[in-house]
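Novice: To start, I am sharing the structure in question, which I have written as structure tokens.
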Amino acid sequence: MSLFNRIKTSFRALFPRRYAWPGIDISLPGGQHLHLVGSIHMGTSGMSPLPPALLNLLRKADALVVEADISGSESPFAGLDIPPPLNERLSEDQLAGLTRAADELGLSLSMLETQPLWQIAMVLQATQAQRLGLRGEYGIDYQLLNVARAQDLPIIELEGADSQVDLLRQLPDDGLLLLDDTLTHWHTNARLLQVMVGWWLESPPADDKPVLPATFSQSLYDVLMNERNRAWREALYALPAGRYVVAVGALHLYGEGNLPSLLK
């Protein structure tokens, strides 16, 4: 790296540019210039279209980097084994909690009966987001993917949907802890969704460690956040030199062990 580029990189580190969305610029030693975007996978109509300045960054990028390309119609959940009945997998208290959440969302327990526990947790979370007015077509990564395809911009996956499902399938006890956390932090998760939507509609966090409500136990946080952040760091360092817009879940940009802190 030339002296001029080292000075420029140091200046940017001392005086980072502020964006109107959850966005952070980071330059790596190998010449990879990253614009990290804190995505929300489901959004509101007010989050579309994307900010013009973000679209301009995407136009200048060599590729869009995402957790997984979710723009296709294929379901990553196809071919899953049918598990035992819920009353054999859950305690009475856990089943009662699931029944309350399902009733609140208008979901049938018989529909959930044939799904693994981690998938039930995902269904509950997605349906809760829909009840709060969020829709997949307004998700930030989904919109970025559509724009990238329209521009014939290369798309790079950090994981891919199949790898994400494999991670969930490897959770102990069929993902019981994920379902437990979902039910335990049910109302807290709704507030957190509203906070993250506010980062796009109002203003992003002022620093990289905002005070956020806990919605995961520590062991689950390590698997779903910390371990993935470390793997993504290696993947981003392995990219060829160039400019990249990198869209990952907004919570990966903030809090303990966040991705930007690992890249700096």
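Novice: Pull out a ≥ b ≥ c, the square roots of the eigenvalues of the alpha-carbon gyration tensor of segment 111-177, then state rounded if a/c is under 1.5, prolate if not and a/b is larger than b/c, and oblate in the remaining case. Could the numbers behind the result be given before it?
Specialist: Numbers: a/c = 3.52, a/b = 1.53, b/c = 2.31.
Oblate, because a/c is 1.5 or more while a/b does not exceed b/c.
Novice: Which FRET efficiency, nearest 0.05, do V195 and Q218 yield, Cβ-Cβ r, R0 25 Å? Walk me through the intermediate numbers first.
Specialist: Values: r = 21 Å, r/R0 = 0.82.
That pair, V195 with Q218, gives E of 0.75.
Novice: Continuing with the same structure: Ignoring ligands, DNA and RNA, please state the percent of accessible area on the chain from carbon and sulfur, probe 1.4 Å. All intermediate terms of the calculation are to be shown ahead of the outcome.
Specialist: Numbers: 7270 of 13500 Å².
Percent of accessible area from carbon and sulfur atoms in the chain: 54.
Novice: Follow-up. Using a 10 angstrom cutoff on alpha carbons, build the Gaussian network for the chain and name the most mobile of T127, T99, T215.
Specialist: The residue that fluctuates most here is T99.
Novice: I've got another one for you. Work out from phi, with θ = phi - 60° and the Karplus expression 6.51 cos²θ - 1.76 cosθ + 1.60, the ³J(HN,Hα) of each residue of segment 35-45, listed in order in whole Hz, and give x for Gly and Pro.
Specialist: Using θ = phi - 60°, the values come out as 10, 7, 10, x, 7, 10, 6, 10, x, 10, 4 Hz.
Novice: Let me ask something else about it. About the Cα centre of segment 200-264, what is the dipole size in debye to 20, counting +1 per Lys and Arg Cβ and -1 per Asp and Glu Cβ, all else neutral?
Specialist: Working: 6 positive and 7 negative charges, 48 e Å.
So the dipole magnitude of segment 200-264 works out to roughly 240 debye.
Novice: Which value, in Å² rounded to 10, gives the accessible area of D208 with a 1.4 Å probe and all protein chains present?
Specialist: Rounded to the nearest 10, the figure is 60 Å².
Novice: Further question on the same structure: So what J values fall out for segment 253-264 if you push phi through Karplus, 6.51 cos²θ - 1.76 cosθ + 1.60 with θ = phi - 60°, rounded to Hz, Gly and Pro as x?
Specialist: Couplings: 8, 10, x, 5, x, 5, 4, x, 5, 6, 8, 7 Hz.
Novice: Among V37, V123, what's the order by accessible area (1.4 angstrom probe), most exposed first?
Specialist: Numbers: V37 0, V123 35 Å².
Descending accessible area places them as V123, V37.
Novice: Just for the chain, what percent of DSSP beta bridges are antiparallel, to the closest 5?
Specialist: Values: 6 of 21 bridges.
That works out to approximately 30 percent antiparallel.
Novice: Heavy atoms of the protein only, probe of 1.4 Å, neighbouring chains included. What is the accessible area of L178 in Å², nearest 10?
Specialist: 10 Å²
Novice: Related question: Stretched out fully, how many nm does the piece from E113 to T44 gain, at 0.36 nm a residue minus the Cα gap? Don't skip to the end; give the middle numbers.
Specialist: Details: separation 69, 0.36 × 69 = 24.84 nm, distance 3.03 nm.
In short, 21.8 nm is gained.
Novice: How charged is the neighbourhood of K209? Take every other residue with its Cβ under 14 Å from the Cβ of K209, and add Lys/Arg as +1 and Asp/Glu as -1.
Specialist: Working: positive: K264; negative: D207, D208, E256.
Taking every other residue near K209 into account, the sum is -2.
Novice: By accessible area of protein heavy atoms, probe 1.4 Å, what ranking do H33, H41 get, highest first? Present the calculation step by step, with values, prior to reporting the outcome.
Specialist: Details: H33 60, H41 85 Å².
The residues order as H41, H33, largest area first.
Novice: Charges at C-beta only: +1 for Lys and Arg, -1 for Asp and Glu. How large is the resulting dipole of the chain about its Cα centre, in Debye rounded to 20? Could the numbers behind the result be given before it?
Specialist: Details: 20 positive and 30 negative charges, 335 e Å.
So the dipole magnitude of the chain works out to roughly 1620 debye.
Novice: Here is a follow-up. Using heavy-atom solvent-accessible surface (probe 1.4 Å) with all chains present, what is the largest-first order of V195, V165, V147?
Specialist: V195, V147, V165
Novice: When averaged across all projection directions, what area in nm² does the alpha-carbon convex hull of the chain cover? Don't skip to the answer; put the middle values down first.
Specialist: Numbers: hull surface 57.1 nm².
Average of the hull's projected areas for the chain equals 14.3 nm².
Novice: Report the residue, chosen from Q32, Q218, Q115, that carries the largest GNM mean-square fluctuation when the chain is represented by alpha-carbon nodes joined by springs under 10 Å.
Specialist: Q218
Novice: Cut-off 10 angstrom, C-alpha nodes, Gaussian network model of the chain. Which of N87, N226, N189 fluctuates the most?
Specialist: N87
Novice: Also, quick follow-up: At a probe radius of 1.4 Å, what is the per-residue accessible area of L201, in Å² to the nearest 10?
Specialist: Accessible surface of L201 is approximately 90 Å².
Novice: Tell me, what is the per residue accessible area of the chain in Å², probe radius 1.4 Å? Show your work: numbers first, answer last.
Specialist: On the way: 13500 Å² over 264 residues.
Per-residue accessible area for the chain comes out at 51 Å².
Novice: Tell me which residues come under 5 Å, amide H to amide H, from V65 once H is placed; ignore anything under 5 positions away on its chain.
Specialist: I156, V245, V246, A247
The values are calculated or read from the model by the stated rules, or taken from the named source; none is laboratory data. The shown structure was predicted, so the numbers you read here are calculated from the model rather than taken from an experiment. Because the Cβ atoms are built from the backbone with ideal geometry, glycine has one as well, and the counts that use them run over all protein chains shown. The accessibility values were calculated without ligands, DNA or RNA, using every heavy atom of the protein model including side chains. Shrake-Rupley method; radii C 1.70, N 1.55, O 1.52, S 1.80 Å.
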